[in-house]
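Q: What follows is a single structure, and I will ask about it in a moment.
The values are calculated or read from the model by the stated rules, or taken from the named source; none is laboratory data. Note that the coordinates shown come from a computational prediction; the quantities given were computed from them, not determined experimentally. Here Cβ is always computed from backbone atoms with ideal geometry, including for glycine, and neighbour counts include all displayed protein chains. Please note that ligands, DNA and RNA were not included when accessible areas were found on the heavy atoms of the full protein model with its side chains. Shrake-Rupley method; radii C 1.70, N 1.55, O 1.52, S 1.80 Å.
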Amino acid sequence: MQDSIMLHWIWLFITRTMSFYKNSWLNRVLLWVLTPIVKAWDESAFARLLFHKPHVDNGEQQSIFWRLLMVERVVLKSFASRLGQPIRKKIQKSVIFSFVKSMFDNAFFIPLSVYGSMLVAAACTAIVFALLQHTMLGKMFVVKILVLIIGWAMTFLHKSFAYYWRNSKLDRWLRKAWESDAFFAAQTNTLPYRMRMIATVLGILLVILMKIVSFKIALLILGGVFFIILMIWQPMVGVALVTMLTPFAPTMAVAGLIVLTYIGLLMRYLLHVREKFIFDSLGIWIAVFMGIYLFNAFTSYEMVSSLKIALMVSAMMSYYFLLYNLIDSKKQFKLQINLFLTAGFAVALYGIFQHFSGNAANAWIDKSMFSDISGRVSATFANPNVLGEYLILLIPIAFVWTITRKNIVAKWFFGLNTFALSLCMVFTYSRGCWLGLLLAVAVFILFYDRRYILGCMLAGAVSIVFLPQNVINRFASIGNLADSSSSYRVSIWVGTMKLLDQFWFCGIGPGIDAFNRVYPNFSHSAVTAPHAHSLYFVVLTEMGLAGIVSLVVIMWVFFQRSTSSLALTKDRTARLLNIAIIAAMTGFFFQGFFDYVWYNYRVVTIFWGVLAFAMINRKLVIKEMGENTWKDN
């Protein structure tokens, strides 16, 4: 592929076209027109507030919020020193500790035959129990036989998973696509003696545990313990799993991964393996927002329901702190972006498949106006608007990751990724998300190079000729109150404003139950709804004045930190990634005017994760100031 003449000429055509436009008379006329406008903007009070001179000191650490948060750190550190150190010494001297640590250090280097022995022992033990209990019929008995056969076959594989992976074509291709180093280094540790015997005993004990308690409970206990121990030695695995699985896994599974990662980190802290947990300036305000959210849950009209929702949302929001604290190198950050975009690629391909296979849902379409739309894709998010909001966060980042890759395989992998994400966005037929993405594109161009504004406008005008008629009709209907979806939202907003006349200061509490208890008394035209269908209306309704003020501060701190950090480095990748996240967040917040973009908990997790990406990028740039900035290695 690296020698492909066709790919070379396509890329050459794109770069030559951009170069021609930069040197054209059209570009010079545009600059002549826009320069006075840009100068007036740069000298405005709002621009000075948003883009004040960047500084890299830790002035925010002198704030009251910072000092209050540091109290927790001092207390926990004192507790860890007095209690954690003796416990740590005893644990590290134990046989179990040495065995478990060796298992984790060598998990991918242990011959597959060892795992096969464990499966054979577990299957044989389960079959013996089935024979004794006369339960030899049914699907579970067939599963036990299959596990026995698979385990027996694995006993003949005397090489490790790392060996087979390193010698696979998938490993070579993925390293090129992600521009990464080898996933598994050469083995350096010595494997424990009699590993096969230990694995056999573990297989037997596993089945006995499942007989004492239920199968699901046993798996949850073992999985939880395994994950916590894993987090003590490799906490990055936790955030990597959350990043990769959030678009696909159930909400409770994502929340469970986050909570287990925190438990592992707490134990890691007590064992003095890690002694830092940092709150940056944005993180402080996120913590304040979480505190207000939890307080309003206690004062809610439906306290029990609101508390459940508040705890879930807080767990998802806390993903920000995990990412910010655990990612402290360019290599780790690059891996997270790769996982984030690759998961998005899979979601987009599934959405495209839904469209062309005829499996797209038609539950969110006014058939009287859009009979030419067969359905709207939702992929793994069960709602096309939710999918569109997810895609807004990905597309700008995927585009930047495409144009900044050096390897041709990586460039075309992420190029196809960007195309798939954009095509999937079209098939959502979400007008608000389309507008949000267009705004994100405009913001990206403004920050990247203003000379492309007119060229992109002309390209957009020409592209209308090639768009399907149903897409044009859908876009042209924006603002048309004859559409049931638009009139439905307006009715909800009118009713919400009546509600806010009485509850604007303190709110009514988080969640659908609290809203449904109060809102019917103010509803317009007897329209019912699960929420206010606008991020800002929902926050004001649920959390009152304190909630909306803290959200605005979070938005301001994010944009101010992100835009001012553009002046900290001239490195292309770091700057463009920063611009992409600014653009994505602008589009996302814009869509928030027309929909409650935090309705889906998984999107909430991804949103705070992307915010963390921006602050991590800034942190790494500051860390590299005085050294050579961003190098993709």
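Q: Using a 1.4 angstrom probe with every protein chain in place, what is the largest-first accessible-area order of Glu389, Glu302?
A: My answer, sorted largest first, is Glu302, Glu389.
Q: Take the solvent-accessible surface of the protein heavy atoms, probe 1.4 Å, and return the percent of it on the stretch 309-395 that carbon and sulfur atoms account for.
A: Exposed carbon and sulfur together represent 61 percent of the surface.
Q: Please arrange Tyr301, Tyr320 by accessible surface area, largest first, computed with a 1.4 Å probe and ligands excluded.
A: Tyr301, Tyr320
Q: About the Cα centre of the stretch 278-419, how large is the charge dipole given +1 on each Lys and Arg Cβ and -1 on each Asp and Glu Cβ? Please answer in debye to the nearest 20.
A: Value, rounded to 20: 600 debye.
Q: Keeping all protein chains in position, work out how much accessible area Val539 exposes to a 1.4 Å probe, and write it in Å² to the nearest 10.
A: Taking all protein chains as shown, Val539 has close to 10 Å².
Q: If ligands, DNA and RNA are left out, what is the accessible area of Ser314 with a 1.4 Å probe, given in Å² to the nearest 10?
A: 10
Q: Might you tell me the accessible area per residue for the stretch 305-452, computed with a 1.4 Å probe and given in Å²?
A: About 33 Å² of surface per residue is accessible.
Q: Something else: Give the long-range amide H neighbours of Ala361: residues separated by 5 or more places, or on another chain, with amide H under 5 Å away, using H modelled in the peptide plane at 1.01 Å from N.
A: Amide H neighbours of Ala361: Arg376, Ser378.
Q: Then there is this: I'd like the trypsin sites (Lys or Arg not before Pro) in the stretch 403-437 restricted to DSSP loop residues with at most 14 other Cβ atoms within 10 Å, sorted by number.
A: Lys406
Q: Step through the table entries Lys570/Lys619; Lys144/Lys169; Lys411/Lys619, compare each Cα-Cα distance with 23 Å, and write down the pairs that go over it.
A: Correct reply: Lys144/Lys169; Lys411/Lys619.
Q: Accessible area, 1.4 Å probe, largest first: how do Leu265, Leu282 sort?
A: Leu265, Leu282
Q: In addition: Give me the accessible area of Trp556, 1.4 Å probe, in Å² rounded to the nearest 10.
A: 100
Q: Moving to a separate point now. Which whole-number value in Å² is the accessible area per residue of the stretch 538-627, probe 1.4 Å?
A: Per residue, the stretch 538-627 has 27 Å² of solvent-accessible surface.
Q: To the nearest 20 Debye, how big is the dipole of the stretch 507-595 about its Cα centre, given +1 on the beta carbon of each Lys and Arg and -1 on that of each Asp and Glu?
A: 400
Q: Whole-Hz ³J(HN,Hα) for each residue in the stretch 334-341, computed from phi via Karplus 6.51 cos²θ - 1.76 cosθ + 1.60 with θ = phi - 60°, x for glycine and proline: what do you get?
A: Values per residue, Gly and Pro as x: 4, 4, 4, 5, 4, 5, 4, 6 Hz.
Q: How many nm separate the modelled label positions at Phe522 and Asn167, each set 7 Å beyond the Cα in the direction of the Cβ?
A: 6.9
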